[in-house]
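The values are calculated or read from the model by the stated rules, or taken from the named source; none is laboratory data. All values reported here derive from a predicted model rather than from experimental measurement. Note: ideal-geometry Cβ built from the backbone for every residue, glycine included; neighbour counts use all protein chains shown.
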Amino acid sequence: MGRTSIPDIIEKYDNGESLTMLTAYDAPIARQVDNGGVDMILVGDSAGDNHLGYDDTLPVTLDEALSNTAAVDRAVEDAMVIGDMPFLSYGTSLEESVNNAGRFMKEAGADAVKLETAPYGETTIEIIERLTELGMPVVGHIGLTPQRMNQIGGGYVQGRGDESSATLEALVETAKRIEEAGAFSIIIEAVTEETGKQVTEAVDVPTIGIGAGRYVDGQVLVITDVLGLSGESYKLSKQYADLSTIVQDAVETYVDDVQNGEFPSSENAFDPIDGRE
């Protein structure tokens with residue numbers, strides 16, 4: 001049947017069906033996420049602090065992002081795979097931005113790419129327009145944009161219009177311009193619920209919220225938060241499992257079995273020698 005396509009996404013959107021997206025960074029988790037039935041898998045630069053051991057997203061390199069995306073691509077059959085372009089892999093020049101986006105599709109097997117856009121971000125909007133012209137599907141990203149965290153001073157909720165927050169009007173206008181440039185969907189991160197609602201009403205492409213409230217067209221979460229592997233709890237997220245406890249219990253049991261001589265047993269040996277269980 002093939003992977004979920006843009007027409008599939010638009011059909012669900014037109015029918016009023018809520019869209020689902022989760023992140024994944026490696027093949028085993030991507031396979032499970034795909035089997036779970038999500039519409040889209042984002043190979044996020046959130047891999048930085050959720051998969052690669054960095055403090056945040058900024059250190060993630062293009063090669064690391066491509067490697068993560070390729071691993072997910074090899075495991076996924078049904079969901080759309082979206083490669084997240086990391087910090088400074090786009091924006092330095094139009095030519096380099098296009099070439100790097102193309103690598104996600106040609107080398108890593110991504111079906112689309114995602115770019116963060118600052119309020120009124122002319123440079124990124126121009127890149128989205130060129131990528132769309134060349135046949136590379138683009139997901140926009142507004143609101144809290146982690147690649148700009150040093151500039152805004154932290155993970156502040158956007159749409160409030162204070163010194164650390166873009167105005168609602170700026171985000172609505174930016175979303176409109178991203179749509180006009182050709183993006184087929186827009187992620188809205190960590191904004192007031194009213195902002196999420198007004199952005200969604202202002203554009204005719206699906207909006208995917210993460211901490212954007214209830215009045216958007218779909219939702220995305222970070223998989224480590226969903227599975228209880230992140231070690232932190234965020235207001236914008238929801239934990240659906242406690243794999244941290246399960247994994248730790250399994251490791252502790254393994255250590256005990258080895259130390260007590262219970263593993264390996266004869267069942268785990270090739271041509272076992274008689275006399276020892």
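Cβ-Cβ contacts under 7 Å between residues 6 or more apart (or on different chains), taken from a first residue in the range 88-112 that is without any contact (Cβ under 8 Å) to a residue 40 or more places away in the chain to a second residue that is among the acidic types (Asp, Glu), are listed as Leu94/Glu126.
Could you please give the count of residues in the range 211-235 that are hydrophobic (A, V, I, L, M, F, W, C) and either touching a His at 6+ places or on another chain (Cβ under 6 Å) or over 22 Å from Gly53 (Cα atoms) (or both)? Even if it seems obvious, please write down each step before you answer.
Applying the first criterion (hydrophobic (A, V, I, L, M, F, W, C)) to the range 211-235 yields 212, 216, 220-223, 226-227, 229.
Subsequent filtering for residues that are either touching a His at 6+ places or on another chain (Cβ under 6 Å) or over 22 Å from Gly53 (Cα atoms) (or both) retains 212, 216.
Selection size over the range 211-235: 2.
In a residue-by-residue description of the range 105-121, the property of being out of contact with any helix residue (DSSP H, G or I) (no Cβ under 6 Å at 6 or more places or on another chain), under 30 Å from Glu17 (Cα atoms) and in a helix (DSSP H, G or I) applies to at least one position.
The set of residues in the range 45-85 being part of a loop (DSSP other than H, G, I, E, B) and either under 19 Å from Ile6 (Cα atoms) or free of Cβ contacts under 8 Å to residues at least 60 places away in the same chain (or both) consists of Leu52, Gly53, Tyr54, Asp55, Pro59, Val60, Thr61, Val76, Glu77, Asp78, Ala79, Met85.
Given the range 167-277, what helices (runs of 4 or more DSSP H) lie entirely inside it while holding 3 or more residues that are of a type outside the set (A, V, I, L, M, F, W, C)? Reasoning before the result, please.
Numbers: elements: 168-181, 193-202, 223-227, 243-259.
In the range 167-277, the matching helices (runs of 4 or more DSSP H) lie at 168-181, 193-202, 243-259.
When Glu179 is tested against (1) surrounded by fewer than 24 Cβ atoms within 10 Å (Cβ to Cβ); (2) at positive phi, exactly one condition is not met: (2).
Going residue by residue through the range 194-202, is there one that turns out to be in contact with a Leu (Cβ under 8 Å, 6 or more places away or on another chain), charged (D, E, K, R) and surrounded by 12 or more Cβ atoms within 10 Å (Cβ to Cβ)? Step through it out loud before you land on a result.
From the range 194-202, those in contact with a Leu (Cβ under 8 Å, 6 or more places away or on another chain) are 194-195, 198-199; that's our starting set.
The next check asks that each one be charged (D, E, K, R); those that pass are 194.
Next, from what is left, pick out any that are surrounded by 12 or more Cβ atoms within 10 Å (Cβ to Cβ): 194.
So far as the range 194-202 goes, yes, one or more of its residues are in contact with a Leu (Cβ under 8 Å, 6 or more places away or on another chain), charged (D, E, K, R) and surrounded by 12 or more Cβ atoms within 10 Å (Cβ to Cβ).
The set of residues in the range 9-60 that are buried (at least 16 other Cβ atoms within 10 Å of the Cβ) and over 17 Å from the mean Cα position of the chain (by Cα) comprises Lys12, Tyr13.
Table: residues versus (1) within 16 Å of the chain's Cα centre (by Cα); (2) under 22 Å from Gly83 (Cβ atoms); (3) modelled with pLDDT under 95; (4) not hydrophobic (A, V, I, L, M, F, W, C).
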| site | (1), (2), (3), (4) |
| --- | --- |
| Ala170 | no, no, no, no |
| Ala175 | no, yes, no, no |
| Thr200 | no, no, no, yes |
| Val220 | yes, yes, no, no |
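Among the residues making up the range 93-111, a single one is within 18 Å of the chain's Cα centre (by Cα) and among the acidic types (Asp, Glu): Asp111.
Restrict the check to the range 223-234 and report whether at least one residue is crowded, with 22+ Cβ neighbours inside 10 Å and either farther than 13 Å from Thr20 by Cβ or at pLDDT below 95 (or both). Explain how you work it out, then say what you get.
Of the residues in the range 223-234, the ones crowded, with 22+ Cβ neighbours inside 10 Å are 223-225.
Now restrict to residues that are either farther than 13 Å from Thr20 by Cβ or at pLDDT below 95 (or both): 224-225.
For the range 223-234, residues crowded, with 22+ Cβ neighbours inside 10 Å and either farther than 13 Å from Thr20 by Cβ or at pLDDT below 95 (or both): present.
The set of residues in the range 128-152 that are assigned to a loop (DSSP other than H, G, I, E, B) and either of a type in the set (Lys, Arg) or more than 22 Å from the chain's Cα centre (by Cα) (or both) contains only Leu134. For Ile273, the conditions (1) surrounded by 13 or more Cβ atoms within 10 Å (Cβ to Cβ); (2) not assigned by TED's automatic domain parsing to the domain that holds Leu144 are fulfilled apart from (1).
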